[in-house]
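The values are calculated or read from the model by the stated rules, or taken from the named source; none is laboratory data. Since the model is a prediction, treat every value here as computed from it, not as a measurement. For neighbour counting, all protein chains shown are included, and Cβ atoms are generated from backbone atoms with ideal geometry for every residue, glycine included.
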Amino acid sequence: PHPHDNSDQSHTGGDEPLAHDHHAIEPASLGTRIAAAVAIVLPPLALIAGIALLWGPGIAPVHLVLLIVGYILTGLGITIGYHRLFTHKSFETNRIMTAVWGILGSMAVEGALFQWTGMHRRHHQHSDDEHDPHSPHTHGESGVKGLLKGMWHSHVGWVFEGNPRDLERYTVDLRKDKLLVFIDKFFLLWVALGLIIPGVIAWAVTGTVVGGLLGVLWGGLVRVMVVHHITWSVNSACHIWGSQPFNSHDHSRNNPIFGVLALGEGWHNNHHAFPTSARHGLAWWQFDLSYIIIRAMSFLKLTRGIRLPSKDRMEAKRAGKIAKKHRRIRHAATDRSDLAA
């Protein structure tokens, strides 16, 4: 592994600090909104169709395998590729694995590479403030109504909003890489392949057209829905429910349910405290499949420069210790005031 990395700063990708006059949001075009609606609504409709078809053609084991394997592979494309490799540069890898993770992330249908990484870097720079693209805490309402409104926005509502006008500034470094430019440019091709490949595999296994179509349905569309909502739950649930062992200056939480389901991403307070760490499950019991695979790749000489926070840095950022330090400072100030009086 790389020597311990003590930086808590997430990459913005730009060459200079981002000024506040760049925060304006470009209204989403009608075509963008329609595309977002199709990407969000079609997979649940496919699930409904798949359930209905259980009483007809049924579902073969190959379709369940395609669903599970597709979820893991494209989910890892997001967690290892889009998130830890491209957004935070938590480790380095060779060009073949760079392409593999970029294409798998694209197949998750959560946006093209530069759009996804740019929005996520902006999220870290403005986590839970008014410029965070998907915070559940910026709606100015309290009570159940405010909670539900915030959850809707952070989970899926933000997808229908436009991009910040300065979004490209967050990915200046990535846009210098011709391979990443190629992956980003052909995003729709990877999306199509992510739907077609399960269908071809299912057709080859079952030997029927119906079996192939069910492969597209379960291994393609339903798989997209599962990956979407688990990923978006990190934006919503993991900024509302869970523990905060580290001081991260926001509402990020460690949520064990999504720590497992989101392949390690649910240890979200850990991640916000140490954004560049390749490991999100920092405790021995915090299961982090994404980091396990990154480490396994290192044994195969497929990764290098793995970034981890030092034990001293982790101890320094523990929420309880910081709270005690602040109390000591306040007490010392009070004592000095008393002596002066």
Quiz item: Among the residues of segment 259-270, which ones are buried (at least 24 other Cβ atoms within 10 Å of the Cβ) and on the phi < 0 side of the Ramachandran plot?
Solution: GLY259, ALA262, GLU265, GLY266, TRP267, HIS268, ASN269, ASN270
Self-check item: Scope segment 139-178; condition touching a helix residue (DSSP H, G or I) at 6+ places or on another chain (Cβ under 9 Å), part of a helix (DSSP H, G or I) and farther than 30 Å from ARG95 by Cβ; matching residues
Solution: LYS149, GLY150, MET151, TRP152, HIS153, SER154, HIS155, GLY157, TRP158, VAL159, PHE160
Self-check item: Cβ pairs under 8 Å, 6+ apart, first in segment 263-277 and in contact (Cβ under 8 Å) with a residue 24 or more places away in the chain, second surrounded by fewer than 24 Cβ atoms within 10 Å (Cβ to Cβ) and among the basic types (Lys, Arg)
Solution: HIS268/ARG253; ASN269/ARG253; ALA273/LYS317; PHE274/ARG313; PHE274/LYS317; THR276/LYS89; THR276/ARG307; SER277/ARG307
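So in segment 280-306, with the set limited to residues that are of a type in the set (D, E, K, R) and not in a helix (DSSP H, G or I), which one is farthest from PRO256 (Cα to Cα)? First the steps, then the outcome.
Within segment 280-306, the first condition is being of a type in the set (D, E, K, R), and the residues that meet it are 288, 295, 301, 304.
With not in a helix (DSSP H, G or I) added as a condition, the list becomes 288, 301, 304.
Values: ASP288: 10, LYS301: 30, ARG304: 28 Å.
Of everything passing the filter in segment 280-306, LYS301 is farthest from PRO256 (Cα to Cα).
Look through ILE59, ILE96 and report the one residue that is touching a Leu at 6+ places or on another chain (Cβ under 7 Å) and farther than 25 Å from PHE274 by Cα. If you could, list the steps in order and put the result at the bottom.
Details: ILE96 fails: touching a Leu at 6+ places or on another chain (Cβ under 7 Å).
Exactly one residue qualifies, and that residue is ILE59.
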Quiz item: Considering only segment 209-247, how many residues are out of contact with any Phe, Trp or Tyr (no Cβ under 8 Å at 6 or more places or on another chain), buried (at least 20 other Cβ atoms within 10 Å of the Cβ) and farther than 22 Å from TYR82 by Cα?
Solution: 5
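At pLDDT 90 or above and under 26 Å from LEU221 (Cβ atoms), is that true of TRP152?
Values: at pLDDT 90 or above: no; under 26 Å from LEU221 (Cβ atoms): yes.
Criteria not met by TRP152.
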Quiz item: When SER248 is evaluated against the numbered criteria (1) touching a Gly at 6+ places or on another chain (Cβ under 9 Å); (2) assigned to a loop (DSSP other than H, G, I, E, B), which criterion, by number, is the only one it fails?
Solution: (1)
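In segment 18-123, which helices (runs of 4 or more DSSP H) lie fully inside it and hold 3 or more residues that are at pLDDT 95 or above and surrounded by 15 or more Cβ atoms within 10 Å (Cβ to Cβ)? Steps first, answer last, please.
Working: elements: 30-53, 61-76, 95-107.
Passing ranges, in order: 61-76, 95-107.
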